[in-house]
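The values are calculated or read from the model by the stated rules, or taken from the named source; none is laboratory data. Because the structure is predicted, anything quoted here is derived from the model rather than measured. Ideal geometry is used to build each Cβ from the backbone, glycine not excepted, and the neighbour counts take in all protein chains shown.
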Amino acid sequence: MLGDSLVISLDEGCQNLIPMLESHHHLDSIARAARDLSGRKLSIEYRIGKDPTLETAREAEQNAVSFVQNDDRVRYALDLFKGTIVKCEPLGDKERD
């Protein structure tokens, strides 16, 4: 949020969604949700470009996958069981215990 505006960043590939999101039906829903969450009326703005938060999340995910792939214990288990990494995702709180 910037001041009294909610800025929604869309990747270049999604810019064709802006006219739909600016239609009264969708814009009213988005504005209502923004007001309910912030407790005040916000104007809605759309920006095209890379979302720095999304880029940071993608980078963190790539770092995590690289860390797992290079971990000696993981490589040992893969060699021992002749396995491959199919999917790598963070554990939930219950799974960590």
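Considering only residues that are hydrophobic (A, V, I, L, M, F, W, C) and surrounded by fewer than 10 Cβ atoms within 10 Å (Cβ to Cβ), which ones fall in the range 64-81?
Leu80, Phe81
Going residue by residue through the range 20-38, is there one that turns out to be at pLDDT 90 or above, in a helix (DSSP H, G or I) and touching a His at 6+ places or on another chain (Cβ under 9 Å)?
Yes, there is a match, as at least one residue in the range 20-38 is at pLDDT 90 or above, in a helix (DSSP H, G or I) and touching a His at 6+ places or on another chain (Cβ under 9 Å).
Does the range 64-78 include one or more residues that are in contact with a helix residue (DSSP H, G or I) (Cβ under 9 Å, 6 or more places away or on another chain) and of a type in the set (Asp, Glu)?
no
For the range 73-84, indicate whether the set of residues that are among the small types (Gly, Ala, Ser), assigned to a helix (DSSP H, G or I) and under 30 Å from Leu10 (Cβ atoms) is non-empty. Even if it seems obvious, please write down each step before you answer.
So in the range 73-84, the residues among the small types (Gly, Ala, Ser) come out as 77, 83.
Still in the list and also assigned to a helix (DSSP H, G or I): 77.
Keeping just the survivors that are under 30 Å from Leu10 (Cβ atoms) gives none.
Scanning the range 73-84 turns up no residue that is among the small types (Gly, Ala, Ser), assigned to a helix (DSSP H, G or I) and under 30 Å from Leu10 (Cβ atoms).
Would you pick out the residues in the range 38-63 that are under 30 Å from Cys88 (Cα atoms) and loosely packed, with under 10 Cβ neighbours inside 10 Å? Full working, then the answer.
The initial filter retains those residues of the range 38-63 that are under 30 Å from Cys88 (Cα atoms), namely 48-63.
Selection gives Pro52, Thr53.
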